[in-house]
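Participant: A single structure is presented below for examination.
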Amino acid sequence: MESFISELESKIKKNIKVDKIQILDNTNKHKNHKSFNKNMFHLTLYIESNELRQMDRIMAHRKIMEILSKEIKNKIHALEIVVK
């Protein structure tokens, strides 16, 4: 899991100028959901980025979703994005 989080951080940093980034794994909070899949992650991304703050919220989220599109299709069930 740690390596997956590190990969996500690296991928984001390669595509966006980031001041600070934190990715939290909330997967365990969802174990009792009907659609729970232990191979899919529930993540919260906290990101501080002047580049993203200059965009409107939808465009900033879209940019992150595009960067992580492969992971969202294969390994991420839910991604909460908080831009600071």
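Participant: Name every residue in the stretch 10-26 that is open to solvent by 90 Å² or more (accessible area, probe 1.4 Å) and either part of a helix (DSSP H, G or I) or closer than 11 Å to Ile67 by Cα (or both), in order of residue number.
Facilitator: Correct list: Lys13, Lys14.
Participant: Now for a different question. Pairs, please: C-beta under 9 Å, at least 6 apart or cross-chain, first residue under 13 Å from Ile12 (Cα atoms) and in the stretch 40-65, second open to solvent by less than 30 Å² (accessible area, probe 1.4 Å) and of a type in the set (Ser, Thr, Tyr)?
Facilitator: Here the result reads Ala60/Ser49, each pair linking the stretch 40-65 to a residue that is open to solvent by less than 30 Å² (accessible area, probe 1.4 Å) and of a type in the set (Ser, Thr, Tyr).
Participant: Related question: List the pairs whose first member sits in the stretch 4-31 and is among the hydroxyl-bearing types (Ser, Thr, Tyr), whose second member is surrounded by 12 or more Cβ atoms within 10 Å (Cβ to Cβ), and whose Cβ atoms are under 7 Å apart, counting only residues at least 6 apart or on separate chains?
Facilitator: Going by the 7 Å Cβ cut-off, the qualifying pairs are Thr27/Phe41; Thr27/His42.
Participant: Next up: Among the residues of the stretch 27-48, write down those that are touching a strand residue (DSSP E or B) at 6+ places or on another chain (Cβ under 8 Å) and open to solvent by 30 Å² or more (accessible area, probe 1.4 Å).
Facilitator: Result: Lys29, His30, Ser35, Asn37, Met40, Phe41, Tyr46, Glu48.
Participant: Could you list, in sequence order, all residues of the stretch 43-67 that are of a type in the set (Val, Ile, Thr) and under 14 Å from His77 (Cβ atoms)?
Facilitator: Hit for the stretch 43-67 is Thr44, nothing else.
Participant: Filter the stretch 29-84 down to the residues that are of a type in the set (D, E, K, R) and part of a strand (DSSP E or B), then identify the one that is farthest from Lys17 (Cα to Cα).
Facilitator: Glu80
Participant: Sticking with this structure for a sec: For the stretch 49-84, give me each residue that is polar (S, T, N, Q), open to solvent by 90 Å² or more (accessible area, probe 1.4 Å) and over 20 Å from Phe4 (Cβ atoms).
Facilitator: The one that is polar (S, T, N, Q), open to solvent by 90 Å² or more (accessible area, probe 1.4 Å) and over 20 Å from Phe4 (Cβ atoms): Gln54.
Participant: Just a yes or no: is a residue in the stretch 26-42 hydrophobic (A, V, I, L, M, F, W, C), closer than 16 Å to Ile76 by Cβ and over 16 Å from the mean Cα position of the chain (by Cα)?
Facilitator: Taking every residue of the stretch 26-42 in turn, at least one turns out to be hydrophobic (A, V, I, L, M, F, W, C), closer than 16 Å to Ile76 by Cβ and over 16 Å from the mean Cα position of the chain (by Cα).
Participant: I'd like the full set of residues that are within 9 Å of the chain's Cα centre (by Cα) and within 16 Å of Lys11 (Cα to Cα), limited to the stretch 72-84.
Facilitator: Within the stretch 72-84, Ile72, Ile76, Leu79, Ile81 meet the criteria.
The values are calculated or read from the model by the stated rules, or taken from the named source; none is laboratory data. Everything numeric here is computed off the predicted structure, so don't read it as measured data. Ideal geometry is used to build each Cβ from the backbone, glycine not excepted, and the neighbour counts take in all protein chains shown. SASA here: full protein model, heavy atoms, side chains in, ligands and nucleic acids out. Shrake-Rupley method; radii C 1.70, N 1.55, O 1.52, S 1.80 Å.
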